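A.B. asks: Could you have a look at this structure, given as structure tokens, before my questions?
The values are calculated or read from the model by the stated rules, or taken from the named source; none is laboratory data. Treat the numbers as computed from the prediction; the structure is a model and nothing was measured. Cβ sites come from the backbone with ideal geometry, for glycine too, and all protein chains shown count toward neighbours.
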2 protein chains.
Amino acid sequence: MTPSLLLSRRDLDFLLYDWLGTESLLDRERFAEHSRDTFDAVLDLAAEVAAEQFAPYNKAGDADEPRMVDGRVEMIPEVRRALGLFAKTGLIASSMDAEVGGMQLPYAVSTACFAWFQAANVGMWSYPSLTMGNAALLLAHGTPDQVERYVRPMLEGRFHGTMCLSEPQAGSSLADITTRAEPQPDGTYRLFGNKMWISAGDHELGDNIVHLVLAKVPGGPPGVRGISLFTVPKYLVGDDGAVGERNDVALAGLNHKMGFRGTTNTLLNLGEGRWTPGGAPGAVGQLVGAENQGLACMFHMMNEARIGVGSGAAALGYTGYLKSLEYARTRTQGRVPGSKDPAAPMVPLVEHADVRRMLLAQKSYAEGALALVLYCGRLVDEERTAATEAERLRARLLLEVLTPIAKSWPSQWCVTANDLAIQVHGGYGYTREYDVEQHYRDNRLNPIHEGTHGIQGVDLLGRKVVMADGAGLDALRGVVAATAARAAAEGGEAAELGARLGATLDRLVEVTARVHEVPEADARLANASLYLEAAGHTVLAWIWLEQFLACGTADEPFHRGKRQAARYFFRHELPRTGPQFDLLAAADRTTLDTDPGWF
Amino acid sequence: MTPSLLLSRRDLDFLLYDWLGTESLLDRERFAEHSRDTFDAVLDLAAEVAAEQFAPYNKAGDADEPRMVDGRVEMIPEVRRALGLFAKTGLIASSMDAEVGGMQLPYAVSTACFAWFQAANVGMWSYPSLTMGNAALLLAHGTPDQVERYVRPMLEGRFHGTMCLSEPQAGSSLADITTRAEPQPDGTYRLFGNKMWISAGDHELGDNIVHLVLAKVPGGPPGVRGISLFTVPKYLVGDDGAVGERNDVALAGLNHKMGFRGTTNTLLNLGEGRWTPGGAPGAVGQLVGAENQGLACMFHMMNEARIGVGSGAAALGYTGYLKSLEYARTRTQGRVPGSKDPAAPMVPLVEHADVRRMLLAQKSYAEGALALVLYCGRLVDEERTAATEAERLRARLLLEVLTPIAKSWPSQWCVTANDLAIQVHGGYGYTREYDVEQHYRDNRLNPIHEGTHGIQGVDLLGRKVVMADGAGLDALRGVVAATAARAAAEGGEAAELGARLGATLDRLVEVTARVHEVPEADARLANASLYLEAAGHTVLAWIWLEQFLACGTADEPFHRGKRQAARYFFRHELPRTGPQFDLLAAADRTTLDTDPGWF
């Protein structure tokens, strides 16, 4: 598949360089070895490997999903081959430290690189993605021994990693996990319990799988304050790094999903006695960080994981947009209104205003979502490398408040984009012969995993906009107002859009205060999902005005398209927030006052 | 599966009897043989057969979809068995004349009956549904010979029927079909061409398949005015009714779809020379109605076919709602805001306000959509049996204007309902172990077939609201205003809702006029999809106020739920129309002014 049907390199260049000024990061010590050329080279490499090694197997991984055979996971052999090639690129450690073999690329650049793979084959991408998240967590919180034993082989592509949080009875509610970790005299732990929804939880893609497992040490505090984090390898690893005895992590079953089928999703039983490593019961685990600090360690990585979900959603929205655009330009059907001659030739679909509406909407969702996640990627870079503590703090606050939006907005609207991509294709889009129905199915996972849509709403309204005395919201308000002010200074159409953004921002701030005047927690949070959506559209209008301004005086078709998508977003999308803000300001109790017995 | 997870019989009784006053139809001659008891008996029968014979094979028909083997369609054997049992019920002719073996039930009642089957197994339901549509068309436009030869065996369950409109190059654009029908000296025709997207186009479920085929007779007028309609049986039928020689209708391939997999969808080649019936080339066809009147005959049936799509969408939305409600009542997860004790037991999902939001939204979409299609069913009964010509005309006008909404609104919002049903289930809803992901996939066909969403918009804005000097819109305005007036007379909350409905109706009427002041056809219709959606939400608010009023003073939990869903619709849904009306009133040109080169 040509990379031009996955993402637009032109747009990535615009976003990374013209808008985000990524080259300015080259002045910082961490990125001093880099240049625009090295950035471009990894973007080219990612596009090429994604298009040639990932995209061709996207359909096969969906149609021929992983199976459980004799207690093992079997899948199409192309996955192992493609991941082997991916490992050779070194991209898995693209933003990690040079001392562990990383490239020390800006996080914004690696986010852009990874978007190519997400667009090409999101099901296959989960394997390196989870391994990266696991390695990053151990680099931040693990011991030198854990880094040596697990992280190095992961970054070399020999080991894979997972995150084991959920359990059958506790999905969103981590306070209720029951997996227990019993301390042993030698400082290790023995784990017993069931873990559910574990992506990449078992497979034969490498030499070993390192599970990061949340569990409770008996006697600890109740709820989330009693959660600890452990490394639990599938095979024990000797001090010499050799893979040895089988640990007691048993594959109990696979979940068969609507989409994301290329990613095997498992139920794992720990310590059920299938194996007895070292002759004793339980799965052997090593503590990561301190006891009862497991959730804090995990949340440290959660922002990046959630931005990764948003990025995947954006990438799927983007490739669906490009494919439906290609279809709309080549497929002819009917005539435009007013053309009454039935003998006139049919026109390309893109000539129909309603098809252009569906393309503009997709463009505004997919390009907007990608811009947002790259902005968040840039914030990660600022959080890590900005010159002053104040700048780093500001980036962290902004990232905290933007993360639920960067996770949920692409997950919601890029499914809608994929829905429109199907619709542009008509009946053909509903068949498995075209790609877009799979994107729609794959993308539908994103509002569920890594914290559901509802949980992101509560996170934003109940935590992020009030944390540190509202400092997160203030930070957001600051950057949005600054954009509106720049737009006002430009005058003309920019000023007009800036004024509308400013008014919406004022409304958001006012409504946030109003909601927090509600004394009862349940009433205050009852409309958190509406708040998330209204805040999301406000943020995206800001992102679109940013892009509008970044076009400057350039007037190629590319820039006209960017400006038109911004106009579309301000005219057709942003007004959706009006009724949402009204309901929030009124502290609407409709859902809360519904007796469950009335359904 | 228990019928109570498919539809609510209580709600059907409320809608058919308390609201629509279906019993009043018993006074009419056509329904004189019936009683409330016979209505109830067929509703019970439909629920039972749907739950016991259709629902159990819904998953199997999806997982093990029809295959093409040696030029024939193979499918799971349960379909043939279930359809045989369905044929024995006689429901296929439920609303047809007694003289052809029909039950002469009101159309509203048969629509309700069929909704059970659509909720149970929409993929299997296509076979009898298409056969019914085919038979109804031939009863209206066919010769006595066609009725005898084809309709009787169809109503006996021996033959099946299809509708062959689309072609590979002409999906939505029927003007561009190229299948040709050459007249023969004996009065028959020989057909040559390719038909695409033909549901139930080939299978071994009965003795024969009667295709109704649109084709052009050479020398006729161009475009849609040159389309004629033909019966083209798979096997020729002798004068004695015996199934004979194979006609030249060849199965050229199957379309493999995202959903609706139980319905085999085919590409058929007519007259390609695989068979030569009577020793001559071409597929043998008989004309239905007059030459060049094919589209008129087909459109005669189109309203009912489109209401059938709306009904199917509503039924899928409904069963998804009931299943997610059941899940939300039994699955426990987390605690409500403000409950800080981690040792407190987890609460059922339904206790979370955001889950209740998702249930209320589904309830408002699914019950609203079902109510709308039953109302349309009732209009069909009025159109056929009302006492005066004026009443019949008014019903026809109202049906014309409501049909694009009854087709598109359930298709749009009941996919959203299924989306929410998945979300209520969390990760489980994304697995194929639960039903809701299939409903979501199945339902996604509905905005595409029988006229896409965009085409319904153009039909409503460009044709239905302006036809007969706006008489259709006047008729709608009349019934909606009457409801608002009744609500005003009731006072209290009803009056408040009535005032909001009245204001929205005024806006709709005003915006309709404004749009039609735009001189250029392309600009006038550029936002037709927005118009369709705004008009749809207005109509649904009316449907919800009707239900609110129909509750009267009754105050059981059922009625409280109805009132609460009405409130939800007025507070959370109806305000969406505000920004849509604004764009329409401003004759927004954003999509029209987008140069295709800017994407």
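A.B. asks: Could you tell me which of the residues B:Gly71, B:Gly61 is outside the structural domain of B:Gly312 (by TED's automatic domain parsing) and at pLDDT below 95?
C.D. replies: Being outside the structural domain of B:Gly312 (by TED's automatic domain parsing) and at pLDDT below 95 holds for just one of B:Gly71, B:Gly61, which is B:Gly71.
A.B. asks: Would you say A:Ala526 is within 11 Å of another protein chain (Cβ to nearest Cβ), among the aliphatic types (A, V, I, L, M) and in contact (Cβ under 8 Å) with a residue 12 or more places away in the chain?
C.D. replies: Yes.
A.B. asks: Of the conditions (1) in contact (Cβ under 8 Å) with a residue 60 or more places away in the chain; (2) within 13 Å of another protein chain (Cβ to nearest Cβ); (3) closer than 15 Å to B:Gly578 by Cα, B:Ala534 clears all except one; give me its number.
C.D. replies: It fails just one condition, (1).
A.B. asks: Can A:Pro337 be described as part of a loop (DSSP other than H, G, I, E, B) and in contact with an Asp or Glu (Cβ under 6 Å, 6 or more places away or on another chain)?
C.D. replies: yes
A.B. asks: Further, regarding this structure: If we scan segment A:441-462, do we find a residue that is assigned to a loop (DSSP other than H, G, I, E, B), of a type in the set (Ser, Thr, Tyr) and either in the same structural domain as A:Trp413 (by TED's automatic domain parsing) or surrounded by fewer than 23 Cβ atoms within 10 Å (Cβ to Cβ) (or both)?
C.D. replies: Taking every residue of segment A:441-462 in turn, at least one turns out to be assigned to a loop (DSSP other than H, G, I, E, B), of a type in the set (Ser, Thr, Tyr) and either in the same structural domain as A:Trp413 (by TED's automatic domain parsing) or surrounded by fewer than 23 Cβ atoms within 10 Å (Cβ to Cβ) (or both).
A.B. asks: Something else about it: Being touching a strand residue (DSSP E or B) at 6+ places or on another chain (Cβ under 7 Å) and of a type in the set (S, T, N, Q) narrows it down to one of A:Thr22, A:Thr89, A:Thr131, A:Thr111, so name that one.
C.D. replies: Of the residues listed, the single one that is touching a strand residue (DSSP E or B) at 6+ places or on another chain (Cβ under 7 Å) and of a type in the set (S, T, N, Q) is A:Thr131.
A.B. asks: While we're here: Quick one: is A:Thr553 among the polar types (S, T, N, Q), crowded, with 18+ Cβ neighbours inside 10 Å and either assigned by TED's automatic domain parsing to the domain that holds A:Gly578 or not in a helix (DSSP H, G or I) (or both)?
C.D. replies: Spelling it out, it is not the case that A:Thr553 is among the polar types (S, T, N, Q), crowded, with 18+ Cβ neighbours inside 10 Å and either assigned by TED's automatic domain parsing to the domain that holds A:Gly578 or not in a helix (DSSP H, G or I) (or both).
A.B. asks: Being assigned to a helix (DSSP H, G or I) and either closer than 26 Å to A:Arg432 by Cα or not assigned by TED's automatic domain parsing to the domain that holds A:Gly259 (or both) is true for just one of A:Ser95, A:Ser4. Which residue is that?
C.D. replies: A:Ser4
A.B. asks: If I ask for residues that are loosely packed, with under 12 Cβ neighbours inside 10 Å and within 20 Å of A:Trp125 (Cβ to Cβ), which ones from segment A:65-84 would you list?
C.D. replies: A:Pro77 - this is the single residue of segment A:65-84 that is loosely packed, with under 12 Cβ neighbours inside 10 Å and within 20 Å of A:Trp125 (Cβ to Cβ).
A.B. asks: Being of a type in the set (Gly, Ala, Ser) and either within 23 Å of A:Ala115 (Cα to Cα) or assigned by TED's automatic domain parsing to the domain that holds A:Val122 (or both) is the filter here; which residues of segment A:416-428 pass it?
C.D. replies: A:Ala417, A:Ala421
A.B. asks: Could you check segment B:329-357 and list, in sequence order, the residues that are more than 8 Å from chain A (Cβ to nearest Cβ) and surrounded by 21 or more Cβ atoms within 10 Å (Cβ to Cβ)?
C.D. replies: Hit for segment B:329-357 is B:Leu349, nothing else.
A.B. asks: Which condition from (1) surrounded by fewer than 18 Cβ atoms within 10 Å (Cβ to Cβ); (2) in contact with an Asp or Glu (Cβ under 9 Å, 6 or more places away or on another chain); (3) not assigned by TED's automatic domain parsing to the domain that holds A:Asp97 is the one that A:Asp145 breaks?
C.D. replies: In the conditions (1) surrounded by fewer than 18 Cβ atoms within 10 Å (Cβ to Cβ); (2) in contact with an Asp or Glu (Cβ under 9 Å, 6 or more places away or on another chain); (3) not assigned by TED's automatic domain parsing to the domain that holds A:Asp97, A:Asp145 misses (3) alone.
A.B. asks: Can you tell me which residues in segment A:548-574 are in contact with a Lys or Arg (Cβ under 7 Å, 6 or more places away or on another chain) and among the aromatic types (Phe, Trp, Tyr)?
C.D. replies: A:Phe548, A:Phe558, A:Phe570, listed by residue number.
A.B. asks: Let me ask another. Which of (1) within 30 Å of B:Thr452 (Cβ to Cβ); (2) free of Cβ contacts under 8 Å to residues at least 60 places away in the same chain; (3) hydrophobic (A, V, I, L, M, F, W, C) is the odd one out, the single condition B:Met346 does not satisfy?
C.D. replies: (1)
A.B. asks: Just give me the residues in segment A:99-122 being assigned to a helix (DSSP H, G or I), touching a residue at least 40 places away in the same chain (Cβ under 8 Å) and farther than 18 Å from A:Glu48 by Cα, in sequence order.
C.D. replies: Those that are assigned to a helix (DSSP H, G or I), touching a residue at least 40 places away in the same chain (Cβ under 8 Å) and farther than 18 Å from A:Glu48 by Cα: A:Val100, A:Tyr107, A:Ala108.
A.B. asks: So in segment A:241-277, with the set limited to residues that are among the small types (Gly, Ala, Ser) and touching a strand residue (DSSP E or B) at 6+ places or on another chain (Cβ under 7 Å), which one is farthest from B:Asp435 (Cα to Cα)?
C.D. replies: Here the answer is A:Gly244.
A.B. asks: Same structure, new question: Please state which one of B:Ala387, B:Ala395 is outside any helix (DSSP H, G or I) and over 30 Å from B:Asp354 (Cβ atoms).
C.D. replies: So the residue among B:Ala387, B:Ala395 that is outside any helix (DSSP H, G or I) and over 30 Å from B:Asp354 (Cβ atoms) is B:Ala387.
A.B. asks: Looking only at segment B:502-520, decide whether some residue is in contact with an Asp or Glu (Cβ under 7 Å, 6 or more places away or on another chain), in a helix (DSSP H, G or I) and either within 25 Å of B:Leu359 (Cβ to Cβ) or touching a residue at least 60 places away in the same chain (Cβ under 8 Å) (or both).
C.D. replies: No, there is no match, as no residue in segment B:502-520 is in contact with an Asp or Glu (Cβ under 7 Å, 6 or more places away or on another chain), in a helix (DSSP H, G or I) and either within 25 Å of B:Leu359 (Cβ to Cβ) or touching a residue at least 60 places away in the same chain (Cβ under 8 Å) (or both).
A.B. asks: If you go through segment B:295-317 one residue at a time, do you hit one that is at pLDDT 95 or above and either assigned by TED's automatic domain parsing to the domain that holds B:Asp11 or of a type in the set (Phe, Trp, Tyr) (or both)?
C.D. replies: No - not one qualifying residue is present in segment B:295-317.
A.B. asks: Right, another one. Regarding B:Gln362, is this residue in contact with a His (Cβ under 7 Å, 6 or more places away or on another chain), facing chain A (nearest Cβ under 10 Å) and modelled with pLDDT of 95 or more?
C.D. replies: no
A.B. asks: State yes or no: is B:Arg441 among the basic types (Lys, Arg) and touching a residue at least 40 places away in the same chain (Cβ under 8 Å)?
C.D. replies: In short, yes.
A.B. asks: Could you run through segment B:584-599 and say how many residues are at the interface with chain A (Cβ under 9 Å from one of its Cβ atoms), crowded, with 19+ Cβ neighbours inside 10 Å and touching a residue at least 12 places away in the same chain (Cβ under 8 Å)?
C.D. replies: Matching residues across segment B:584-599 total 2.
A.B. asks: I'm checking my understanding of the structure. Among residues of segment A:220-248 that are hydrophobic (A, V, I, L, M, F, W, C) and at pLDDT 95 or above, which one is surrounded by the fewest Cβ atoms within 10 Å (Cβ to Cβ)?
C.D. replies: Filtering segment A:220-248 for residues that are hydrophobic (A, V, I, L, M, F, W, C) and at pLDDT 95 or above, the one surrounded by the fewest Cβ atoms within 10 Å (Cβ to Cβ) comes out as A:Ala242.
A.B. asks: Answer with yes or no whether B:Gln412 is crowded, with 24+ Cβ neighbours inside 10 Å and either closer than 23 Å to B:Met124 by Cα or without any contact (Cβ under 8 Å) to a residue 12 or more places away in the chain (or both).
C.D. replies: So B:Gln412 does not fit the description; no.
A.B. asks: So, in segment B:400-458, of the ones that are closer than 13 Å to A:Arg444 by Cα and of a type in the set (Asp, Glu), which residue ends up farthest from the other protein chains (Cβ to nearest Cβ)?
C.D. replies: Among those residues, the one meeting the criterion is B:Asp419.
A.B. asks: How many of the residues in segment A:255-280 are under 23 Å from the mean Cα position of the chain (by Cα) and not basic (Lys, Arg)?
C.D. replies: Residues that pass the stated criteria total 11.
A.B. asks: Name every residue in segment A:179-224 that is touching a helix residue (DSSP H, G or I) at 6+ places or on another chain (Cβ under 8 Å), of a type outside the set (A, V, I, L, M), over 21 Å from A:Ala82 (Cβ atoms) and not in a loop (DSSP other than H, G, I, E, B), in order of residue number.
C.D. replies: A:Trp197, A:Lys216, A:Gly223
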